[in-house]
Amino acid sequence: MNICFYTSEKPNAASELNISHLIHSMPEHNYSFLCVAAKPEPRTGLLDRLKKVYGRLRFDDGCFDFGRGLKLLDKRLAERTPALKRSEFRHGYADSVNDVKSVQFLNEVKPDILIQAGAGILKQNTFSLSTRATINLHHGIAPEIRGIESTFWCMVYGLRDKIGATCHLIDETLDTGAVVLQKRLSTSASTFVDIQLENLLLGREILADSVGLLCNKKFTARTTGEVPSYYFGLPNSFLFSELKKNDFQPIRNISEKPFKMKPKNVLDFF
């Protein structure tokens, strides 16, 4: 199988983990990389810098710093990521996700499976170019829990049974494609970093198992019915402080968050 990772020029630690694990566990496939140029950090004005410094002085009480937790998480992920010689694989480069260079490279390599691994939101002009499937690994139970940092929001709203990982096909909307494989996380961990670490490690296994299914079996999609679907955005550091001070127990009621009903589509393999 031709498998292409659609990633960033500088992928994050979770993407590196997934990429390395898949290649090491399934070396029989032909892998390639389509890398989107990393965007430079935006320049911030004096006011923004002062606000950042004030925030650290005022709120960094040992309970607040979400960024410190994410750095620790990246370090622990890096320790579990096997080394990979990228030079051994074919690479293509794009200026931005879904651009002309992306389309040209994908038309050249003709991937059977295209994996979104940190490139950004794929549009139809790119996700339609795989011959078998274009997939994404989402660290949440989709489409019930969609968006960014699902583990954090599930802890905020007390949705522990929705912490897990989902490998799904990519379609026109975010985290709504047919589910390839999905598992809930069973853990005795209590802190955000520990729970998220276990969920990321679970995700790498789900991605590898999903690729195995897509490579070796036929599949068809079916709809199981509508489910409540919540979409969450960027984490709120003030909420993280409140969550940590509350020993990572829920601090919000999900009834405060509006939701939409979405069909639950899954793949049946045979």
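The values are calculated or read from the model by the stated rules, or taken from the named source; none is laboratory data. Keep in mind the model is a prediction, meaning the values are calculated, not measured. As a convention, Cβ positions derive from the backbone with ideal geometry for all residues, glycine included, and neighbour counts pool all protein chains shown. Just so you know, the surface numbers come from the protein's heavy atoms only, side chains and all, with ligands and any DNA or RNA stripped out. Shrake-Rupley method; radii C 1.70, N 1.55, O 1.52, S 1.80 Å.
Side notes on the structure shown:
- Test result for T173, open to solvent by 10 Å² or more (accessible area, probe 1.4 Å) and over 26 Å from I19 (Cα atoms): no
- Which listed residue is farther than 21 Å from D74 by Cα and in a loop (DSSP other than H, G, I, E, B), from S210, S190, S186: S186
- Residue within the range 150-164 that is part of a loop (DSSP other than H, G, I, E, B), closer than 17 Å to L243 by Cα and more than 14 Å from the chain's Cα centre (by Cα) present: yes
One line per residue, one yes/no per condition, for (1) in contact with an Asp or Glu (Cβ under 8 Å, 6 or more places away or on another chain); (2) farther than 16 Å from S210 by Cβ; (3) at pLDDT 95 or above:
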{"position": "N136", "(1), (2), (3)": "yes, no, yes"}
{"position": "V156", "(1), (2), (3)": "no, yes, yes"}
{"position": "T187", "(1), (2), (3)": "yes, yes, yes"}
{"position": "I195", "(1), (2), (3)": "no, yes, yes"}
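- Checking L234, L214, L239 one by one, the residue that is in contact (Cβ under 8 Å) with a residue 60 or more places away in the chain and loosely packed, with under 12 Cβ neighbours inside 10 Å is L234 and no other.
- Conditions (1) more than 25 Å from T81 (Cβ to Cβ); (2) at pLDDT 95 or above; number of the one not met by R204: (1)
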